[in-house]
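The values are calculated or read from the model by the stated rules, or taken from the named source; none is laboratory data. The shown structure was predicted, so the numbers you read here are calculated from the model rather than taken from an experiment. Cβ atoms come from the backbone with ideal geometry, glycine included; neighbour counts cover every protein chain shown.
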């Protein structure tokens, strides 16, 4: 479904473009910033408010942010490695929730493993974190399942 949503958004933006190329969608920043600087994380939508977070200002819906690269250098080129290339040097196990209605971020309990370049999806009220790379930058083939308390 996420792929379908991406295609739908792309088609919608193309449809909303005027003859001069102006797109009819206005994007803006919110004043609240993520509590952690990160890249290569995953964000997934959850239809409900997640209990157990550090924020009392909850919304009817939640966006859960999981893991990622937290290295200040980001993905750094490593030439000495067995397979030279770009790699993150510091991974995260953090779970954060963004409440869109309240425009607030809150911390959730950490994942059981550091992970980056993974994907997450919500199915039947559970969040599934699939694949990615671990703290040693090795491929991960297991699945983390979380059942958010509503």
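Is it true that residue 122 is under 20 Å from residue 45 (Cβ atoms) and out of contact with any helix residue (DSSP H, G or I) (no Cβ under 7 Å at 6 or more places or on another chain)? Here the answer is yes, as residue 122 does meet what is asked. For the stretch 66-79, the condition holds for at least one residue, the condition being that it is outside any strand (DSSP E or B), surrounded by 16 or more Cβ atoms within 10 Å (Cβ to Cβ) and within 14 Å of the chain's Cα centre (by Cα). Of all the residues in the stretch 29-50, those that are over 22 Å from residue 127 (Cβ atoms) and loosely packed, with under 12 Cβ neighbours inside 10 Å number 4.
Filtering the stretch 95-134 to residues that are out of contact with any strand residue (DSSP E or B) (no Cβ under 7 Å at 6 or more places or on another chain) and in a strand (DSSP E or B) leaves 104, 123. Restricting the first member to the stretch 108-121 and to residues that are touching a residue at least 60 places away in the same chain (Cβ under 8 Å) and on the phi > 0 side of the Ramachandran plot, and the second to residues that are surrounded by fewer than 21 Cβ atoms within 10 Å (Cβ to Cβ) and part of a strand (DSSP E or B), the beta-carbon pairs closer than 6 Å and six or more apart or on different chains are 117/133.
Do the conditions hold for residue 25, that is, is it assigned to a loop (DSSP other than H, G, I, E, B), at pLDDT 80 or above and over 26 Å from residue 125 (Cβ atoms)? No.
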